[in-house]
Amino acid sequence: MAKGSNNNLPAYTTVENLFNLINVLKKNNKNEESIKALFGLGDSAYRNTKSALKAFGIIENDSLDFTDIGREIAYSGEDNKKEEMTRIVKCYEPYELVLNSIVTSRTDTKVTEIDTIKNLWGRADFGSGDRNRNDGATLFMSVIDYIGFAKYVIGRGSNPTRIEWAPDIKNKINSLNQDSPIVEQEENTNSNGKDTIEASIVDTATVEEEQEENSSTVNIVDERNVKPIEKPVSAVSLPNVTINVDMSDWSDEKIKTFFKYAYGKFEED
C-alpha cells in the first residue's frame, strides 16, 4: 500500500467478516446485490470488508473475482488458509512494519498495546487519521490472533486493548523473513570466499610501507609457481581477486609465510 494521508488502512471489519465474505463470493461473485444480501451485515460492513479484501490482494481491484492468493484461501482447508493469511501479513507493509519492530527490539516484547501500533503507523504515514489507525489496528490484531502469532485481548477498565505475543514470536517472524534459495546461494558464495580474501590481504599494510616508487612488482598469481590447492573451491564461489605485491626486499622466509596465508599451503621447491 502506498504511504499517504489519503490512504485508508483496512479497518471497520473483522477477520471473521473477511472469511464470511470470501465464502459468499465462492458461491456468487457476479451479482453484488445478492452478495450483500448473503453477507447480511449491512452496507457499511460490506463495503469495508470488500475494501479490506482488495487491500490484501484477495480479490481484484476492479471486480469481485478472486486473485491467485484469493483462490488459495477460498478453496483450501483451514491450515492452508492460515498459511496464506500469514503470507499476506508478511507482504502488507503496515503489518510488516509492526512485525519487524518486534524482531529488531533489543528486548523480548511480550505485549504490544494498540497505541504502540497506531504510533508506528503514524510515524510511517500509514492511515488516514486516528480513527482509521485505531480500527485498522483492531483488524490487524484479530488477523495476528487468527494466524497464531499472538492473542488479541480487548481492553477492559484501565487495561488497554493489546496483543500478547506467542513465546516464540521472534522465531515465527524470522521464518517469514528467510531469504529465497537464490539469495542464500549468493550469501554462501560470499561466505566460501571469505577466507581466501582475508588470506590474500594478510600483511598488506606492511607490504605497502615497504614499496618503493621504482621497484618491480611480482604478480602472486602469475609469477610464482604455486601448486594449486588439492580441493579448490568452485570458480563460481571465488571472487576474481589479483593482488600485486613488491617482494624485492623480502626474505625467503617472509615470502614463504605470505604464500602460506594466501593459499593455505606451501611446499618447498
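Just so you know, all these numbers are worked out from the coordinates, no wet-lab data involved. All values derive from a computational prediction rather than experimental measurement. Here the Cβ is made from the backbone with ideal geometry for all residues, glycine too, and neighbour counts use every protein chain on show.
Taking amide H positions as modeled 1.01 Å from N, with prolines and chain starts lacking one, the residues under 5 Å from Trp165 and 5 or more places away or on another chain are Val111, Thr112, Lys151.
Among Lys50/Lys172; Lys26/Lys50; Lys81/Lys118; Lys50/Lys82, which pairs are too far apart, with a Cα-Cα distance over 24 Å? Write out the running numbers ahead of the final one.
Values: Lys50/Lys172 29 Å; Lys26/Lys50 14 Å; Lys81/Lys118 27 Å; Lys50/Lys82 19 Å.
Exceeds cut-off: Lys50/Lys172; Lys81/Lys118.
Find out how many positive minus negative residues lie around Tyr46, taking Lys and Arg as positive, Asp and Glu as negative, among other residues whose Cβ is under 13 Å from that of Tyr46. That sum, taken over residues with Cβ under 13 Å, equals +1.
The label-point distance for Ser105 and Asn80, in a model that sets each label 7 Å from Cα toward Cβ, rounds to 3.5 nm.
With the simple spin-label model, which puts each label point 7 Å out from Cα in the Cβ direction, the Glu32 to Lys90 separation comes to 3.4 nm. Taking 0.36 nm per residue of separation and subtracting the Cα-Cα distance, full extension of the segment from Asn174 to Ala124 would add 15.8 nm.
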